[in-house]
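Below: one structure in structure tokens.
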Amino acid sequence: QEQLVESGGGLVHSGGSLRLSCAASFFSLPYYVIGWFRRAPGKEREAIGCISSRDGSTYYADSMKGRFTISRDNANGTVDLQGNSLKPEDTAIYYCAAGMTTIAAMCVYTEVDYWGQGTQVTVSS
């Protein structure tokens, strides 16, 4: 099965920045879309944004626009999530996902084939 591994999580002060990376295993197949999601304590999972492997186009959830940016590192074959001006309410487990779908379908309807294990991000006051 596809192996997706998130890295870069940790503790950051309010107002700080953090970059997460999503890497596929060596034997993984290419997928059309890679997305980032998060699940905060006591809340449902929510989409952050998704990126197309075809043309690099992105789709962001409305509430995530501005502070979060998804980019593809073509040299390393990873998809990164940059978070800026982080707030305590950004504390969550962050997941990357892969799917044979479109960026809108993944981010809006959670059309996902594989999930990473998640990485914890904690933002202190």
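Within the stretch 25-56, how many residues turn out to be open to solvent by 50 Å² or more (accessible area, probe 1.4 Å) and either farther than 18 Å from Val108 by Cα or at pLDDT 90 or above (or both)?
Filtering the stretch 25-56 down to residues open to solvent by 50 Å² or more (accessible area, probe 1.4 Å) leaves 26-27, 29-30, 32, 39, 41-46, 54-55.
After this cut, where a residue has to be either farther than 18 Å from Val108 by Cα or at pLDDT 90 or above (or both) as well, the list is 26-27, 29-30, 39, 41-46, 54-55.
Counting residues in the stretch 25-56 that are open to solvent by 50 Å² or more (accessible area, probe 1.4 Å) and either farther than 18 Å from Val108 by Cα or at pLDDT 90 or above (or both) gives 13.
I'd like the full set of residues that are under 11 Å from the mean Cα position of the chain (by Cα) and farther than 23 Å from Met100 by Cβ, limited to the stretch 65-90.
Matches in the stretch 65-90: Phe68, Thr69, Gln82, Gly83.
Within the stretch 57-97, which residues are without any contact (Cβ under 8 Å) to a residue 40 or more places away in the chain and open to solvent by 60 Å² or more (accessible area, probe 1.4 Å)?
Across the stretch 57-97, the qualifying residues are Asp62, Ser63, Lys65, Gly66, Thr69, Arg72, Asn74, Ala75.
Out of the residues in the stretch 98-115 that are small (Gly, Ala, Ser) and at pLDDT below 95, state the one that is surrounded by the fewest Cβ atoms within 10 Å (Cβ to Cβ).
Among those that are small (Gly, Ala, Ser) and at pLDDT below 95, it is Gly99.
Would you mention how many residues in the stretch 63-85 are modelled with pLDDT under 90, in a loop (DSSP other than H, G, I, E, B) and either hydroxyl-bearing (Ser, Thr, Tyr) or touching an Asp or Glu at 6+ places or on another chain (Cβ under 8 Å) (or both)?
So the count comes out to 0.
Name the residues in the stretch 1-24 that are among the β-branched types (Val, Ile, Thr) and modelled with pLDDT under 95, would you?
Kept after step one, since they are among the β-branched types (Val, Ile, Thr), are these residues of the stretch 1-24: 5, 12.
Hit for the stretch 1-24 is Val5, nothing else.
The values are calculated or read from the model by the stated rules, or taken from the named source; none is laboratory data. It should be emphasised that the depicted structure is a prediction, and the values quoted were computed from it without experimental measurement. All Cβ positions, even for glycine, are placed from backbone atoms using ideal geometry, and neighbour counts span all protein chains on display. Note: accessible area is taken over every heavy atom of the protein model, side chains too, but ligands, DNA and RNA are not part of it. Shrake-Rupley method; radii C 1.70, N 1.55, O 1.52, S 1.80 Å.
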